[in-house]
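The values are calculated or read from the model by the stated rules, or taken from the named source; none is laboratory data. Keep in mind that this is a model prediction, so the values were computed, not measured. Positions of Cβ are generated from backbone atoms using ideal geometry, with glycine treated the same way; all protein chains shown enter the neighbour counts.
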Amino acid sequence: MTDLTINTDLARGILTDFIRSEITRTGFTRAVLGLSGGIDSALSCFLAAEALGANNVLAVRMPYRTSSSESLDHAQLVIEATGVQSLTVEITPMVEPLFDAFPDMNNVRRGNIMARQRMIVLYDQSAAFDGLVVGTGNKTEILLGYTTLFGDSACAINPVGDLYKTQLRQLAAALGVPKAIIEKPPSADLWLGQTDEGELGYTYAEVDKLLALLVDQRFTPQECVEAGFAEAFVQAVVERVRRNQFKRVMPPIAKLSNRTIGYDFLYLRDWGT
């Protein structure tokens, strides 16, 4: 079985260097991120504060009227522990007119709207604070598509996107993220009682081990079954990863010329250096 243990000191150095170099190479010195009170955004905040200095990081809390008060309290713990600048923007009056226009709207649609409204707030604050938006999505969520396109997935850089949730917990503990945040059930806090694992139908601990075999070690689905995973579980995860590929790539461009962006034109952002 795959060992998901990481060298937290090494990861910490790599990720803080990544944040510093990726932001400063664009001419910026500051960062903005959404702080939900969950472990992913907490870790991103700790890393950004260490990389750029606490005064150069703006953490934005964006509650909806049904958001858990615990989420706000846990976000405040991170703000106090890191010393970053902070702002609280209530999204309820922003999203409810659209909810009211479609009274039959289900929880998924409402959740997507809230996620995208938070993205709008973050990018507005990016302009106001003169900082780049730092992402908070982990590798497990990205692979499974457990994210809102142009919502919580929208960012300029993502320092934690190559960490499975299991690994992210290890790094969070090493950086001193409050224990209450690390140990609580993961939730996007989009509606009352919502939890990540309840929606997914399996735990992060279970799926991380399987994804590590499928993605990192390139096991076939059958080899994963032979390694001890239930066939139905393997097939469900494989199908979910395949189905959500569109969320992990830029929109495909129809090729007409001999120099098409994303196909033949693949230079780095700092083209010419």
- Query: Taking residue 251 and the conditions (1) crowded, with 20+ Cβ neighbours inside 10 Å; (2) in a loop (DSSP other than H, G, I, E, B), which numbered condition does it fall short on, given that it satisfies the others?
  - Reply: (1)
- Item | Top-ranked residue in region 130-156 [being among the acidic types (Asp, Glu) and assigned to a loop (DSSP other than H, G, I, E, B); ranked as modelled with the highest pLDDT] | 130
- Listed residues 127, 75; which is part of a helix (DSSP H, G or I), closer than 30 Å to residue 27 by Cα and touching a Lys or Arg at 6+ places or on another chain (Cβ under 8 Å)? 75
- The lone exception for residue 227 - which of (1) farther than 28 Å from residue 146 by Cβ; (2) hydrophobic (A, V, I, L, M, F, W, C); (3) over 26 Å from the mean Cα position of the chain (by Cα) it fails: (1)
- Query: So residue 109 clears everything in (1) farther than 24 Å from residue 84 by Cβ; (2) among the basic types (Lys, Arg); (3) touching a Gly at 6+ places or on another chain (Cβ under 9 Å) except one condition, right? Which one?
  - Reply: (3)
- Query: Residue check: is residue 70 part of a helix (DSSP H, G or I) and either farther than 19 Å from residue 137 by Cβ or more than 17 Å from the chain's Cα centre (by Cα) (or both)?
  - Reply: yes
- Which listed residue, of 124, 152, 100, is over 27 Å from residue 20 (Cα atoms) and either surrounded by fewer than 22 Cβ atoms within 10 Å (Cβ to Cβ) or within 15 Å of the chain's Cα centre (by Cα) (or both): 100
- Note on the structure: Checking 109, 169, 118 in turn, the sole residue that is free of Cβ contacts under 8 Å to residues at least 24 places away in the same chain and either of a type outside the set (Asp, Glu) or surrounded by 16 or more Cβ atoms within 10 Å (Cβ to Cβ) (or both) turns out to be 109
- Given the conditions (1) in contact (Cβ under 8 Å) with a residue 12 or more places away in the chain; (2) assigned to a helix (DSSP H, G or I), report the number of the one that residue 97 does not fulfil. (1)
- Please name all residue pairs, on different chains or six or more residues apart, with Cβ atoms under 9 Å, provided the first residue is in region 211-223 and is in contact (Cβ under 8 Å) with a residue 40 or more places away in the chain and the second residue is among the small types (Gly, Ala, Ser) and assigned to a loop (DSSP other than H, G, I, E, B). 213/227
- When residues of region 143-154 are filtered for being in contact (Cβ under 8 Å) with a residue 40 or more places away in the chain and touching a Lys or Arg at 6+ places or on another chain (Cβ under 6 Å), how many remain? 3
- Could you list, in sequence order, the residues of region 14-48 that are of a type in the set (Val, Ile, Thr) and part of a helix (DSSP H, G or I)? 14, 16, 19, 23, 24, 39
- Scan region 78-93 for residues that are assigned to a helix (DSSP H, G or I), out of contact with any strand residue (DSSP E or B) (no Cβ under 6 Å at 6 or more places or on another chain) and in contact (Cβ under 8 Å) with a residue 24 or more places away in the chain and jot them down. 78, 81, 82, 92
- Enumerated helices (runs of 4 or more DSSP H) restricted to region 157-216, each holding at least 3 residues that are modelled with pLDDT of 90 or more and farther than 28 Å from residue 228 by Cα: 165-175, 179-183
